[in-house]
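*Asks:* Pasting in a structure now, in structure tokens, and then I'll have a few things to ask.
The values are calculated or read from the model by the stated rules, or taken from the named source; none is laboratory data. Quick caveat, the model's predicted, so the values are computed rather than measured. For neighbour counting, all protein chains shown are included, and Cβ atoms are generated from backbone atoms with ideal geometry for every residue, glycine included. Calculation scope for accessible area: heavy atoms of the full protein, side chains included, ligands and nucleic acids excluded. Shrake-Rupley method; radii C 1.70, N 1.55, O 1.52, S 1.80 Å.
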Amino acid sequence: MKNEEACLNAVVVDDHSLVLEGLKSLLGGLPAIRHIEAVRTGHELLEKMARQTFDIYLLDVELPDMDGLALVDAIRSQQPQAKIVVNTMHEEIWTIRRLAEARVDGVVFKTSAPGHVLRAVTAAAAGEKYFCPKFEKLLHKMDRTENGTAAAAETPSPRELDVLRAMAKGYSTVEISHLLFISENTVETHRKNLMQKFGARNATDLVLRALAKGYLTLPIE
């Protein structure tokens, strides 16, 4: 029987039926959870959110119809205070980095014991964050590598900085090509390198990150 203090609505998002039912059953034992919904796709969740809101979202990042982190952004745009926990089988470096930069309250690998899901959801419900030990270990290992041997490779070259300043001024690839007397292909190569070195998602994000790190100053000259 549910605790009288139960007050939170939760939703589980996963396209695998057995995983979905297992997680729903698992969360059903938490005293703080009043009601649990289960959906299989990102769009199904968005449609449901048009009619009701949830306090806690437990979702996979690999969904059949949309990127899970794009779904995180969609949830945040509608419910900035929502608690989001990611439950995923993906342990690749690029996924770990994206999850570390995402606005989530917890990450649990599906290879972890079920208890970690309960800890993550319980922590999120209390306004805290929880990341399973394996995620923490891999993230720390990756940070040590990036801060050591890869540090020099992440520093923009003088020519990349020229391209960066031109991008910050709003110049197009063709305009930068003419301005710096380099080919359009070379401009695009520098642009891709900059995006990778700053971990940026788009040109606007790149400029903001460059400003934050001191590679650009206002006004742009």
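*Asks:* Which of the residues that make up segment 166-185 are within 19 Å of T204 (Cβ to Cβ) and either among the hydroxyl-bearing types (S, T, Y) or crowded, with 17+ Cβ neighbours inside 10 Å (or both)?
*Replies:* Result: A166, M167, A168, Y171, S172, T173, I176.
*Asks:* I would also like to ask the following. Cβ-Cβ below 7 Å, separation at least six or inter-chain, first residue in segment 60-83 and over 13 Å from A102 (Cα atoms), second of a type in the set (S, T, N, Q): which pairs?
*Replies:* D60/N87; D60/T88; E62/T88; L63/T41; P64/T41; D65/T41; Q79/T53
*Asks:* Do we have any residue at all in segment 81-96 that's open to solvent by 10 Å² or more (accessible area, probe 1.4 Å) and either within 12 Å of the chain's Cα centre (by Cα) or at positive phi (or both)?
*Replies:* yes
*Asks:* Another question about this same structure. When segment 35-62 is examined, which residues are found to be in contact with a helix residue (DSSP H, G or I) (Cβ under 6 Å, 6 or more places away or on another chain) and more than 30 Å from W94 (Cα to Cα)?
*Replies:* Within segment 35-62, just I36 meets the criteria.
*Asks:* Related question: Would you confirm whether any residue within segment 159-174 is of a type in the set (A, V, I, L, M), free of Cβ contacts under 8 Å to residues at least 60 places away in the same chain and either part of a loop (DSSP other than H, G, I, E, B) or within 23 Å of I96 (Cα to Cα) (or both)?
*Replies:* Quick first cut of segment 159-174, residues of a type in the set (A, V, I, L, M) only: 161, 163-164, 166-168, 174.
Among the residues that remain, those that are also free of Cβ contacts under 8 Å to residues at least 60 places away in the same chain are: 161, 163-164, 166-168, 174.
The next check asks that each one be either part of a loop (DSSP other than H, G, I, E, B) or within 23 Å of I96 (Cα to Cα) (or both); those that pass are none.
The answer is no; no qualifying residue exists.
*Asks:* Taking segment 194-221, which residues are in a helix (DSSP H, G or I) and over 21 Å from the mean Cα position of the chain (by Cα)? Walk me through it before giving the result.
*Replies:* Residues of segment 194-221 in a helix (DSSP H, G or I): 194-198, 203-212.
The one that is in a helix (DSSP H, G or I) and over 21 Å from the mean Cα position of the chain (by Cα): L211.
Residue-by-condition table, conditions (1) in a helix (DSSP H, G or I); (2) at pLDDT 95 or above; (3) open to solvent by less than 40 Å² (accessible area, probe 1.4 Å):
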position: A120; (1), (2), (3): yes, yes, yes
position: K141; (1), (2), (3): yes, no, no
position: T149; (1), (2), (3): no, no, no
position: P156; (1), (2), (3): no, no, yes
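*Asks:* Any chance you could count how many residues in segment 122-136 are over 17 Å from the mean Cα position of the chain (by Cα) and either part of a helix (DSSP H, G or I) or among the aliphatic types (A, V, I, L, M) (or both)?
*Replies:* Of the residues in segment 122-136, 6 are over 17 Å from the mean Cα position of the chain (by Cα) and either part of a helix (DSSP H, G or I) or among the aliphatic types (A, V, I, L, M) (or both).
*Asks:* Next question. If A32 satisfies every condition in (1) touching a helix residue (DSSP H, G or I) at 6+ places or on another chain (Cβ under 8 Å); (2) open to solvent by 10 Å² or more (accessible area, probe 1.4 Å); (3) over 19 Å from G127 (Cα atoms); (4) among the small types (G, A, S) but one, which is the exception?
*Replies:* With (1) touching a helix residue (DSSP H, G or I) at 6+ places or on another chain (Cβ under 8 Å); (2) open to solvent by 10 Å² or more (accessible area, probe 1.4 Å); (3) over 19 Å from G127 (Cα atoms); (4) among the small types (G, A, S) applied to A32, the lone miss is (3).
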